[in-house]
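Visitor: I have a structure here, written as structure tokens, and I will follow up with some questions on it.
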Amino acid sequence: IGPPGRTAYRSSLVPGPVQNLRSLLFPTGDSSFKVTNEFWKEHPALELLGVSADALNIIDPPPTSHPLAHLFLSQPSGIVLDDGYGSHSNLQTYADRIIQIPNLRTVMLSYFKYPPRGNRTASRGWIALMRVQMQQGVTFYNAFGRELDLWALEE
């Protein structure tokens, strides 16, 4: 379901065989993008998915053989998080969604900024992102393609 004036994504809108689609990017204004078993079956070659961070809703994780390896999470629409840094609960939510993708290798957080020195150690959200990185070997990048060192105390 998209905002007024926008058509929600349907695989029938793709001009060509949807099973060959390797990249799928959504505008940041999309309010919800639910990913189900049907989506994974319709998009067996998808390697890159780009969606607003707050819109991604993985109902069913992809099968372990699915090639999705890259996730682009764009600026959440209308959200101001801890002076632009990302709230603990939102980072936790994003980590919980990301960890469901078994072959994920890279995640770009387009809106990401390091929190001020010292604010990361107590953050459940930061710990959740570190857990994803440790368990799955996921590398995180900012909007400029710069690798994010989740373990550093400052940028």
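The values are calculated or read from the model by the stated rules, or taken from the named source; none is laboratory data. Please read all numbers here as calculations on a predicted model, not as lab measurements. Every residue, glycine among them, receives a Cβ derived from its backbone with ideal geometry; neighbour counts consider all protein chains shown. Keep in mind that these areas ignore ligands, DNA and RNA; they rest on the heavy atoms of the full protein, side chains included. Shrake-Rupley method; radii C 1.70, N 1.55, O 1.52, S 1.80 Å.
Visitor: Tally up the residues in the range 22-49 that are at pLDDT 90 or above and either assigned to a loop (DSSP other than H, G, I, E, B) or of a type in the set (Gly, Ala, Ser) (or both), please.
Guide: So the count comes out to 8.
Visitor: Looking only at the range 47-56, how many residues end up being open to solvent by 10 Å² or more (accessible area, probe 1.4 Å) and under 17 Å from Leu129 (Cα atoms)? Steps first, answer last, please.
Guide: Step one: of the range 47-56, the residues open to solvent by 10 Å² or more (accessible area, probe 1.4 Å) are 47-48, 54.
Filter once more, keeping what is under 17 Å from Leu129 (Cα atoms): 54.
Summing the residues that are open to solvent by 10 Å² or more (accessible area, probe 1.4 Å) and under 17 Å from Leu129 (Cα atoms) in the range 47-56 gives 1.
Visitor: Would you pick out the residues in the range 66-100 that are assigned to a loop (DSSP other than H, G, I, E, B) and modelled with pLDDT under 95? Can you show your working first?
Guide: Going through the range 66-100, the residues assigned to a loop (DSSP other than H, G, I, E, B) turn out to be 66-69, 75-81, 85-87, 99-100.
Within the range 66-100, Gln75, Pro76, Ser77, Gly78, Ile79, Val80, Leu81, Tyr85, Gly86, Ser87, Ile99, Gln100 meet the criteria.
Visitor: What tally of residues in the range 105-155 results from selecting those that are part of a loop (DSSP other than H, G, I, E, B), open to solvent by less than 30 Å² (accessible area, probe 1.4 Å) and either at pLDDT 85 or above or basic (Lys, Arg) (or both)? Lay out the reasoning, then the answer.
Guide: Filtering the range 105-155 down to residues part of a loop (DSSP other than H, G, I, E, B) leaves 105, 110-123, 137-138, 142-146, 148-155.
With open to solvent by less than 30 Å² (accessible area, probe 1.4 Å) added as a condition, the list becomes 111-112, 114-115, 120, 123, 138, 142, 148, 150, 152.
Of the ones still in play, those that are also either at pLDDT 85 or above or basic (Lys, Arg) (or both) are 120, 138.
Number of matching residues: 2.
Visitor: For Gly2, state whether it is touching a Pro at 6+ places or on another chain (Cβ under 6 Å), at pLDDT below 80 and surrounded by fewer than 19 Cβ atoms within 10 Å (Cβ to Cβ). Break it down into steps so the answer makes sense when it comes.
Guide: Values: touching a Pro at 6+ places or on another chain (Cβ under 6 Å): no; at pLDDT below 80: yes; surrounded by fewer than 19 Cβ atoms within 10 Å (Cβ to Cβ): yes.
Against the criterion (touching a Pro at 6+ places or on another chain (Cβ under 6 Å), at pLDDT below 80 and surrounded by fewer than 19 Cβ atoms within 10 Å (Cβ to Cβ)), Gly2 does not qualify.
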